[in-house]
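Reviewing the structure listed below.
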Amino acid sequence: MLQLDELLATLPQQGVIVWLGVRPARDVAMQVPEQLEARRGAGLTGDRFAGRRSSKREVTFIQHEHVAALGSLLGRDPVDPAVLRRNIVVRGLNLLALRGSRFRAGGALFEGTGLAHPCSRMETALGPGGYNAMRGHGGITARILESGILRLGDPVTFLGQPQN
């Protein structure tokens with residue numbers, strides 16, 4: 001039988017980036033480019049938090065499968081990712097398994113730093129029950145360890161726990 005540390009270190013699946021978004025200023029619509037620049041210590045070029053976010057929350061990721069689940073929980077079609085205020089949507093990989101681990105998305109290297117909890121704006125954005133629907137489905141936060149370009153269709157690959 002495998003030990004817990006061995007189980008946590010095993011993630012052979014590879015995800016794919018299916019949506020990218022940045023918000024250039026407060027209370028403006030998300031921009032949805034086909035590529036983004038992730039800059040170490042500075043966040044995503046074009047995002048209002050670029051250069052201002054703590055190093056633990058430079059980028060937010062959410063699972064494509066959870067975007068679909070949110071629509072189901074709210075009794076409607078899948079939710080537009082722009083409404084969720086996350087930067088990167090990934091299909092085919094359990095993002096929670098990346099928390100505390102290093103992973104590559106496109107040309108950049110990341111470390112998963114925590115959970116991206118919903119904020120109170122989700123109740124307005126998604127309608128009554130939106131906040132609670134998003135609990136457990138908000139994705140993860142990450143810091144950028146190596147700068148790089150991210151494009152739609154780029155792979156997201158688990159690299160393991162950081163070596164101290």
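The values are calculated or read from the model by the stated rules, or taken from the named source; none is laboratory data. Predicted model only: the values in this text are computed from it and were never measured. Because the Cβ atoms are built from the backbone with ideal geometry, glycine has one as well, and the counts that use them run over all protein chains shown. Ligands, DNA and RNA are stripped out before the accessible areas are found, and what is left, the full protein with its side chains, is counted by its heavy atoms. Shrake-Rupley method; radii C 1.70, N 1.55, O 1.52, S 1.80 Å.
Select from region 33-79 the residues that are in a loop (DSSP other than H, G, I, E, B) and touching a Pro at 6+ places or on another chain (Cβ under 8 Å) and write down the one among them that is farthest from Gly114 (Cα to Cα). It would help to see each step written out before you state the result.
Start the filter on region 33-79 by keeping residues that are in a loop (DSSP other than H, G, I, E, B), which leaves 33-34, 40-42, 45-54, 58, 74-79.
Checking which are touching a Pro at 6+ places or on another chain (Cβ under 8 Å) leaves us with 46-48.
Numbers: Gly46: 23, Asp47: 20, Arg48: 20 Å.
Here the residue is Gly46.
Scanning region 108-148 for residues that are modelled with pLDDT of 95 or more, open to solvent by less than 60 Å² (accessible area, probe 1.4 Å) and over 30 Å from Leu4 (Cα atoms) turns up just one, Gly148.
Just to be sure, is Val83 open to solvent by 40 Å² or more (accessible area, probe 1.4 Å), over 23 Å from Gln14 (Cβ atoms), aliphatic (A, V, I, L, M) and part of a helix (DSSP H, G or I)? Spelling it out, Val83 is indeed open to solvent by 40 Å² or more (accessible area, probe 1.4 Å), over 23 Å from Gln14 (Cβ atoms), aliphatic (A, V, I, L, M) and part of a helix (DSSP H, G or I).
The residues of region 86-99 that are in contact with a Ser or Thr (Cβ under 9 Å, 6 or more places away or on another chain) and open to solvent by less than 10 Å² (accessible area, probe 1.4 Å), listed by number, are Asn87, Ile88, Leu93. Scanning region 13-22 for residues that are open to solvent by less than 40 Å² (accessible area, probe 1.4 Å) and either out of contact with any Asp or Glu (no Cβ under 9 Å at 6 or more places or on another chain) or more than 21 Å from Leu145 (Cβ to Cβ) (or both) yields Gly15, Trp19, Gly21.
From Arg57, Arg48, grab the single residue that is within 14 Å of Phe110 (Cβ to Cβ) and basic (Lys, Arg).
On the way: Arg48 fails: within 14 Å of Phe110 (Cβ to Cβ).
Criteria check complete, one pass: Arg57.
Taking first residues from region 1-27 that are at pLDDT below 85 and partners that are surrounded by 10 or more Cβ atoms within 10 Å (Cβ to Cβ) and of a type in the set (Gly, Ala, Ser), the Cβ contacts under 6 Å between residues at least 6 apart in sequence or on separate chains come to Ala9/Gly160; Leu11/Ala97. Within region 126-139, does at least one residue satisfy the condition of being touching a helix residue (DSSP H, G or I) at 6+ places or on another chain (Cβ under 7 Å) and at positive phi? Looking through region 126-139, at least one residue is touching a helix residue (DSSP H, G or I) at 6+ places or on another chain (Cβ under 7 Å) and at positive phi. Flag: Pro128 matches the condition of being over 16 Å from His64 (Cβ atoms) and without any contact (Cβ under 8 Å) to a residue 24 or more places away in the chain.
Checked against the criterion of being open to solvent by 30 Å² or more (accessible area, probe 1.4 Å), modelled with pLDDT under 90 and over 11 Å from the mean Cα position of the chain (by Cα), the candidates Arg53, Arg57, Arg102 yield just one match: Arg53.
The set of residues in region 68-80 that are open to solvent by less than 80 Å² (accessible area, probe 1.4 Å), free of Cβ contacts under 8 Å to residues at least 40 places away in the same chain and closer than 22 Å to Val22 by Cα comprises Ala68, Gly71.
Among the listed residues Leu150, Leu159, identify the single one that is in contact with a Ser or Thr (Cβ under 9 Å, 6 or more places away or on another chain) and in contact (Cβ under 8 Å) with a residue 12 or more places away in the chain.
Leu159
So, Arg151, is that one under 16 Å from Ala38 (Cα atoms), surrounded by 19 or more Cβ atoms within 10 Å (Cβ to Cβ) and of a type in the set (D, E, K, R) or not? Against the criterion (under 16 Å from Ala38 (Cα atoms), surrounded by 19 or more Cβ atoms within 10 Å (Cβ to Cβ) and of a type in the set (D, E, K, R)), Arg151 does not qualify.
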